[in-house]
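The values are calculated or read from the model by the stated rules, or taken from the named source; none is laboratory data. Keep in mind that what you see is a predicted model, and the values were worked out from it rather than measured. Quick reminder, even Gly has a Cβ in these numbers, built from the backbone with ideal geometry, and neighbours come from all protein chains shown.
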Amino acid sequence: MNSTINKRFIVLVTIPVLLAACAQAPAAAPAAPVEVTREVTREVEVTRIVEVTAAPAAGSAAPTPAPAAPAAPSGFGETLKAIKARGKLICGVNNQVPGFGFVDSAGAFSGFDIDFCKALAAAIFNDVNKVEYRPLTAEQRFAALQSGEIDVLIRNTTWTLTRDTDNGANFVATTFYDGQGIMVPKDAGITKLEDLNGATICVQKGTTTELNLADQMAARNVQYTPAVFEDANGTFGAYAEGRCDAVTTDKSGLVSRRSVLPNPDDHVILDVTLSKEPLGPMVRHGDDQWFDIVQWTVFATFAAEEFGISSENVDNAVANDTRPEARRLLGADEKVDLGAKLGLSKDWAVNLIKAVGNYGEIYDRNLGPNTKTAIPRGINNLYTQGGLLYAPPFR
């Protein structure tokens, strides 16, 4: 492979029958050398055509290298130190998924993931406005985290083994347990994956969604054509225009995007789950203090709901709650300062609960029954209510 790689990538995902059909037409001569690689996932062949630039001719001047990017904060305590010196948190988010990460016409960000960015800002600064939201596509997100462009990624990102090991980063506690689904027009008569044989399915590029779809269809010997797009707007815009027969992403994303289609009731989400999709924040390797801060901020929202402590009664709880663990969480125990263990103030949890509420408040505000993106809590309930949410002890 040439050492200088052009930033443009053309990704063609096909099935063997379609490859044969495409071979009948003469291919246009490429403007630059191309490298073609093939990967086989079970019975689905994936062809990637990567356009590369030619190496400089002998004797020609070498291109001027781009200036080096500033190094990402590394080492225990360095991330928090950099955030405080900057005066704000930089949070990598989505801006195209209502209910999770969305920006309105006035430029205001809102959503479930956005509230966890606010919780972090409140824990650090006691000010939810000291956060900058950096919208990122699925393909941009990991590089942005690695390079230090963002401090934390809170953007509907699925925890997988390879992502946990290949990206120089760690996932913290899961904030939303999800699963991949498929949405189709109600009048199409489609009720199961096998009904999509020969269909075109819209999917976002660079996601586990794309890979899961290939796995599930191959396992069922269902042939399909994936229509691959850079971001959620492109993916669902193509579906809304009828350019594909179905669209796939996490079920939470299907619910949220259906809410903004011209006629939401004309579309149904199939009763099938293609995968497990645990979603949650992600931080860079190298700073265990920052990992702890992000993780225990999430846990604080779980514990507050378990203790019945909300944005409305937190001040009263500080003054009157007699439960030892609740008092440690709230910084009300005179003998214990858990905030100092994280490099934060003693009332860090009080500040974030007062600002955004407990987990139940965050959920209901963005995904509750009175929202356009209503999703039943199900396994996203506390463990005491049959769900999977569980905070380790605050002690």
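Conditions tested, residue by residue: (1) under 21 Å from the mean Cα position of the chain (by Cα); (2) over 15 Å from residue 293 (Cβ atoms); (3) assigned to a loop (DSSP other than H, G, I, E, B); (4) at pLDDT below 95.
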residue: 80; (1), (2), (3), (4): no, no, no, no
residue: 145; (1), (2), (3), (4): yes, yes, no, no
residue: 149; (1), (2), (3), (4): yes, yes, yes, no
residue: 156; (1), (2), (3), (4): yes, yes, yes, yes
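If you go through region 99-120 and keep only what is small (Gly, Ala, Ser) and either within 14 Å of the chain's Cα centre (by Cα) or crowded, with 24+ Cβ neighbours inside 10 Å (or both), you end up with 99, 101, 111, 119. For region 164-177, give me each residue that is over 20 Å from residue 232 (Cα atoms) and under 12 Å from the mean Cα position of the chain (by Cα). 171, 174, 175, listed by residue number. Of the residues making up region 127-167, those that are hydrophobic (A, V, I, L, M, F, W, C), more than 18 Å from residue 205 (Cβ to Cβ) and touching a helix residue (DSSP H, G or I) at 6+ places or on another chain (Cβ under 7 Å) are 128, 131, 150, 152, 154. Would a scan of region 227-241 turn up a residue that is assigned to a helix (DSSP H, G or I) and assigned by TED's automatic domain parsing to the domain that holds residue 102? No, because not a single residue in region 227-241 is assigned to a helix (DSSP H, G or I) and assigned by TED's automatic domain parsing to the domain that holds residue 102. Looking only at region 172-186, decide whether some residue is over 23 Å from residue 217 (Cα atoms) and free of Cβ contacts under 8 Å to residues at least 24 places away in the same chain. Looking for residues that are over 23 Å from residue 217 (Cα atoms) and free of Cβ contacts under 8 Å to residues at least 24 places away in the same chain, one finds none in region 172-186, hence no.
Which residue out of 375, 353 is surrounded by 17 or more Cβ atoms within 10 Å (Cβ to Cβ), outside any helix (DSSP H, G or I), on the phi < 0 side of the Ramachandran plot and not assigned by TED's automatic domain parsing to the domain that holds residue 259? Talk me through it step by step, then tell me what you get.
Numbers: 353 fails: outside any helix (DSSP H, G or I).
From the options 375, 353, the qualifying one is 375.
When 304, 300 are checked against the criterion of being free of Cβ contacts under 8 Å to residues at least 60 places away in the same chain and in a helix (DSSP H, G or I), a single residue qualifies: 304.
Does residue 370 qualify as being assigned by TED's automatic domain parsing to the domain that holds residue 126 and in contact with a strand residue (DSSP E or B) (Cβ under 8 Å, 6 or more places away or on another chain)?
Values: assigned by TED's automatic domain parsing to the domain that holds residue 126: yes; in contact with a strand residue (DSSP E or B) (Cβ under 8 Å, 6 or more places away or on another chain): no.
Here the answer is no, as residue 370 does not meet what is asked.
Quick one: in region 179-205, which of the residues that are in contact with a Phe, Trp or Tyr (Cβ under 8 Å, 6 or more places away or on another chain), part of a strand (DSSP E or B) and modelled with pLDDT of 95 or more is nearest to residue 252 (Cα to Cα)? The selected residue is 183. All conditions in (1) surrounded by fewer than 22 Cβ atoms within 10 Å (Cβ to Cβ); (2) touching a helix residue (DSSP H, G or I) at 6+ places or on another chain (Cβ under 8 Å); (3) not in a helix (DSSP H, G or I) hold for residue 216, with the sole exception of (3).
Suppose we filter region 293-317 for residues that are surrounded by fewer than 18 Cβ atoms within 10 Å (Cβ to Cβ) and in contact with a helix residue (DSSP H, G or I) (Cβ under 7 Å, 6 or more places away or on another chain); how many remain? Show your work before the answer.
Our first condition is that a residue be surrounded by fewer than 18 Cβ atoms within 10 Å (Cβ to Cβ); within region 293-317, this holds for 308, 310-313, 315-316.
Add one more test, that the residue is in contact with a helix residue (DSSP H, G or I) (Cβ under 7 Å, 6 or more places away or on another chain), and what stays is 310-311.
Going through region 293-317 one residue at a time, the tally reaches 2.
Considering the conditions (1) surrounded by 15 or more Cβ atoms within 10 Å (Cβ to Cβ); (2) of a type in the set (A, V, I, L, M, F, W, C); (3) not assigned by TED's automatic domain parsing to the domain that holds residue 269, residue 190 is excluded by exactly one of them, (3). You will find that of 273, 248, 297, the residue that is more than 30 Å from residue 393 (Cβ to Cβ), of a type in the set (Ser, Thr, Tyr) and at pLDDT 95 or above is 248 and no other. In the condition set (1) farther than 28 Å from residue 149 by Cα; (2) surrounded by fewer than 18 Cβ atoms within 10 Å (Cβ to Cβ); (3) out of contact with any Phe, Trp or Tyr (no Cβ under 9 Å at 6 or more places or on another chain), residue 230 is compliant with all but (1).
I need the full set of residues from region 356-372 which are crowded, with 20+ Cβ neighbours inside 10 Å and part of a helix (DSSP H, G or I), in order please. Break it down stepwise before answering.
Of all residues in region 356-372, those crowded, with 20+ Cβ neighbours inside 10 Å come to 356-360, 362-363, 366-367.
Passing the criteria: 356, 359, 360, 362, 363, 366, 367.
Here residue 73 meets each of (1) assigned by TED's automatic domain parsing to the domain that holds residue 368; (2) surrounded by 16 or more Cβ atoms within 10 Å (Cβ to Cβ); (3) not hydroxyl-bearing (Ser, Thr, Tyr) with one exception, condition (1).
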